[in-house]
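What follows is a short report on a single structure.
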Amino acid sequence: MSTAVRPIDKTALDRSSGNYALIDTLRKWGITFFSGVNGGGLIHVTKHLEPYLGLQHSGDSVPRMQTMGEYVAGFVPLGYYLASGRVAGCLTTTGAATKLGSSGITDAKLHNIPAVYVIALNSTLSIGRSPLQDVSEHGMNIIPQLRAELGDACIVIDDIDSLGDRLELAQSILAASKPVAIAFHPDILSKDADVDVPRRERPRMLDQIDADRFVNEFPQISRGRRVIIYAGAEAARCPGITELTTALSETLQAPTVWSVNGANAISSDNPYGYGYISFGGNDEAMKLWRSINSDDVVITLGFDSGEYSLNLGSIPAGHVWHFTAWTSPYGHQDGDFRHRVDGDYRVVRGDIEQTLDYVLPKLRGVITDRPPVNLPKDLNTRTISRQVRDGCVDAIAFYSELHRSWRPHSIGFDDVCTAYKDRQYVAQRPHPSIPFHTVHDGSAMGGAFGLGVGARAADPSLHTFVFSGDGCWRLYGGALAEAANIGMNLFIINNGRYAIVDKGLEVVIPDWEKDRYHGVLQNIDFVAAAKAHGWDGYRLRPDLGNLDEILDACYSAKGQSVLVDVPIDADQVLGLNPRLYNLTTDTYL
């Protein structure tokens with residue numbers, strides 16, 4: 001028998017504390033992946049986490065922490081959720097780290113994405129004694145800031161006896177598709193705690209009364225009227241939605257448009273598809289959307305209300321039916337969007353997928369007297385110059401070839417650069433092999449890098465593509481080393497500009513000299529930088545001659561991440577930005 005002394009399980013010595021209870025409770029809810037940087041007030045929480053060292057640790061149900069700079073880490077849970085439907089977390093220690101991670105908090109709120117932000121406060125014993133990174137009311141005063149943004153979703157652990165109740169509240173908020181910030185005083189959370197908050201699934205519900213009211217009222221109201229369907233991000237969260245939206249479009253003979261995230265609720269072969277609206281919107285979709293009047297009926301599947309979707313406007317239809325299961329999404333007033341509709345507004349509560357599955361059989365054969373609909377094949381009518389500067393790719397050819405080349409089991413993210421208006425304009429319709437996501441409502445540059453990191457950690461079987469700008473790079477470039485071994489694909493749209501600013505100001509302040517636009521960027525050798533951080537790297541040739549080789553490398557990569565430098569001419573304008581015209585008036589400045 002061996003006489004070797006077994007090492008002490010130090011973790012077991014602290015399993016009575018609130019630190020352990022927090023991590024273990026989240027584990028019971030299925031939340032086991034966290035991203036951030038350790039230190040300060042976090043250390044007695046993070047000691048209960050195993051390290052996440054690469055894709056081999058994905059999905060093993062062990063609570064793990066990925067070391068990642070806080071700006072990037074703030075977005076990681078969003079990509080994790082969008083790729084898998086599972087909740088993840090971000091860890092920020094006391095002070096500046098919380099502010100760095102807060103851009104991710106904002107986009108989680110604005111896009112109704114459940115995520116957990118674990119935030120360390122100062123010890124209660126140090127408050128009033130000028131502690132390092134003072135977040136109390138004497139310093140940064142961080143709690144009122146978080147509460148101003150999150151309301152009740154900013155949950156403060158200032159009494160160990162209330163830990164169970166606070167975690168119950170956190171779970172209910174996450175179930176409503178919203179982020180939570182769990183802020184704690186380290187000396188409080190280190191006390192002994194007896195907590196049992198089991199996982200409680202929120203059932204997907206059908207509201208029978210609302211659904212039957214729609215079935216009874218809609219056929220008469222819509223008779224002889226044009227019906228338009230608008231798909232938003234909430235619909236895209238439903239797993240079996242694309243067949244149902246096609247069936248709805250065909251049953252109602254309704255031209256159908258979508259937001260950039262709502263596109264994931266639409267089949268590429270929906271014959272009534274008119275395209276993306278607003279920011280980067282397709283020409284046919286925008287012509288249709290601008291033609292809506294009081295004689296029309298609109299069905300919104302979800303309600304993407306942000307400026308890049310509705311451009312601060314209202315829907316001018318005579319009747320709007322809003323299908324939703326969300327109780328208080330971003331942009332609501334008193335739980336709904338009546339204030340964004342000019343005519344009659346009615347809500348059909350319940351899970352969108354279940355509701356459509358219920359109402360569609362009841363509508364077939366009942367919907368009559370439909371006006372004729374022109375079904376366009378080409379959704380764009382503008383003439384765009386294909387002449388670009390020497391050394392640059394023709395962006396229309398680039399995005400067209402990509403759209404033809406996507407392979408199954410892919411996922412894409414657009415950053416705050418020209419890609420997030422140009423890609424969808426050229427693509428026109430969603431691709432069946434690759435959903436694309438953007439968290440554009442917060443418009444935080446560089447956030448898509450964290451989304452890609454989160455997606456790869458959530459599901460390594462997904463080939464993950466991030467389209468980011470040379471300006472966006474400035475916000476995450478130092479984090480490349482930590483993502484070198486996860487097999488992510490990063491395309492840098494390199495135009496030497498803050499191009500959305502640079503081109504936008506030609507509309508907003510056209511009479512001013514261009515050096516006052518402050519949009520020029522210094523050149524970076526992105527391939528050399530990527531290789532210095534452990535990535536593989538390629539430069540796309542202007543004639544796209546090596547694009548197939550690059551995509552083969554992206555799809556064959558199992559561990560090493562790949563960066564692609566894409567030279568773009570900032571003066572080649574593809575997708576349009578209707579928001580610019582808001583900035584030319586005193587009303588919205």
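Can you find a residue in region 249-270 that is out of contact with any Pro (no Cβ under 8 Å at 6 or more places or on another chain), under 29 Å from Thr418 (Cα atoms) and surrounded by fewer than 21 Cβ atoms within 10 Å (Cβ to Cβ)? Yes, some residue in region 249-270 is out of contact with any Pro (no Cβ under 8 Å at 6 or more places or on another chain), under 29 Å from Thr418 (Cα atoms) and surrounded by fewer than 21 Cβ atoms within 10 Å (Cβ to Cβ). Of all residues in region 47-68, none are part of a helix (DSSP H, G or I) and either assigned by TED's automatic domain parsing to the domain that holds Arg474 or crowded, with 23+ Cβ neighbours inside 10 Å (or both).
Residues that are outside any loop (DSSP other than H, G, I, E, B) and either without any contact (Cβ under 8 Å) to a residue 24 or more places away in the chain or among the hydroxyl-bearing types (Ser, Thr, Tyr) (or both) within region 422-447 comprise just one, Tyr425. Selection over region 472-490 of residues that are surrounded by 24 or more Cβ atoms within 10 Å (Cβ to Cβ), of a type outside the set (A, V, I, L, M) and farther than 19 Å from Glu70 by Cβ gives a count of 1. When Asp394, Asp390, Asp378 are screened for being of a type outside the set (A, V, I, L, M) and buried (at least 16 other Cβ atoms within 10 Å of the Cβ), only Asp394 passes. Filtering Arg129, Arg166, Arg86 for residues that are outside the structural domain of Gly450 (by TED's automatic domain parsing), under 27 Å from Leu55 (Cα atoms) and of a type in the set (D, E, K, R) leaves a single hit, Arg86. Consider region 356-369 and keep the residues that are modelled with pLDDT under 95 and not aliphatic (A, V, I, L, M). The one that is surrounded by the most Cβ atoms within 10 Å (Cβ to Cβ) is Arg364.
The rows are residues; the columns are (1) at pLDDT 85 or above; (2) not charged (D, E, K, R); (3) not assigned by TED's automatic domain parsing to the domain that holds Ile434.
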| site | (1), (2), (3) |
| --- | --- |
| Cys472 | yes, yes, no |
| Gly478 | yes, yes, no |
| Glu482 | yes, no, no |
| Ile486 | yes, yes, no |
| Asn489 | yes, yes, no |
| Asn495 | yes, yes, no |
| Tyr498 | no, yes, no |
| Val501 | no, yes, no |
| Val507 | no, yes, no |
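So is Pro460 under 15 Å from the mean Cα position of the chain (by Cα), modelled with pLDDT of 95 or more and closer than 28 Å to Ile31 by Cα or not? No; evaluated as a whole, the condition is false for this residue. Counting residues in region 493-502 that are part of a helix (DSSP H, G or I) and closer than 29 Å to Lys558 by Cα gives zero.
Conditions (1) modelled with pLDDT of 95 or more; (2) touching a strand residue (DSSP E or B) at 6+ places or on another chain (Cβ under 6 Å); (3) assigned by TED's automatic domain parsing to the domain that holds Phe218; (4) not polar (S, T, N, Q), marked per residue:
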| site | (1), (2), (3), (4) |
| --- | --- |
| Pro255 | yes, yes, yes, yes |
| Ser259 | yes, no, yes, no |
| Ala263 | yes, no, yes, yes |
| Pro271 | yes, no, yes, yes |
| Glu284 | yes, yes, yes, yes |
| Ser305 | yes, no, yes, no |
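Taking the conditions exactly as written (among the hydrophobic types (A, V, I, L, M, F, W, C), assigned to a helix (DSSP H, G or I) and free of Cβ contacts under 8 Å to residues at least 40 places away in the same chain), does Leu169 satisfy them or not? Considered against the rule, which asks whether it is among the hydrophobic types (A, V, I, L, M, F, W, C), assigned to a helix (DSSP H, G or I) and free of Cβ contacts under 8 Å to residues at least 40 places away in the same chain, Leu169 comes out as yes.
The numbered conditions (1) over 17 Å from the mean Cα position of the chain (by Cα); (2) over 30 Å from Tyr272 (Cα atoms); (3) at pLDDT 95 or above are all true for Gln428 except (2).
The single condition among (1) closer than 30 Å to Ala557 by Cβ; (2) of a type in the set (A, V, I, L, M, F, W, C); (3) outside the structural domain of Asp565 (by TED's automatic domain parsing); (4) within 26 Å of the chain's Cα centre (by Cα) that Ile411 does not satisfy is (3). Is it the case that region 48-56 has a residue that's touching a helix residue (DSSP H, G or I) at 6+ places or on another chain (Cβ under 8 Å) and modelled with pLDDT under 95? Yes, some residue in region 48-56 is touching a helix residue (DSSP H, G or I) at 6+ places or on another chain (Cβ under 8 Å) and modelled with pLDDT under 95.
Scanning region 450-492 for residues being part of a helix (DSSP H, G or I) and within 15 Å of Ser561 (Cα to Cα) gives a total of 15. Filter region 124-158 down to the residues that are aliphatic (A, V, I, L, M) and more than 18 Å from Gly40 (Cα to Cα) and list them by number. Matches in region 124-158: Leu146, Ala148, Leu150, Ala153, Ile155. Being touching a residue at least 40 places away in the same chain (Cβ under 8 Å), assigned to a helix (DSSP H, G or I) and over 18 Å from Arg456 (Cα atoms) is the filter here, so list the residues in region 537-565 that pass it. Once the filter is applied, which keeps residues that are touching a residue at least 40 places away in the same chain (Cβ under 8 Å), assigned to a helix (DSSP H, G or I) and over 18 Å from Arg456 (Cα atoms), region 537-565 yields Leu547, Asp548. Residue check: Phe279 meets all listed conditions (1) touching an Asp or Glu at 6+ places or on another chain (Cβ under 9 Å); (2) among the hydrophobic types (A, V, I, L, M, F, W, C); (3) buried (at least 22 other Cβ atoms within 10 Å of the Cβ); (4) modelled with pLDDT of 95 or more but one, namely (4). Restricting region 196-239 to residues that are part of a loop (DSSP other than H, G, I, E, B) and buried (at least 17 other Cβ atoms within 10 Å of the Cβ) leaves a set whose member that is farthest from the chain's Cα centre (by Cα) is Arg226.
The values are calculated or read from the model by the stated rules, or taken from the named source; none is laboratory data. The model shown is predicted, which means the values in this text are computed figures rather than measured ones. Note: ideal-geometry Cβ built from the backbone for every residue, glycine included; neighbour counts use all protein chains shown.
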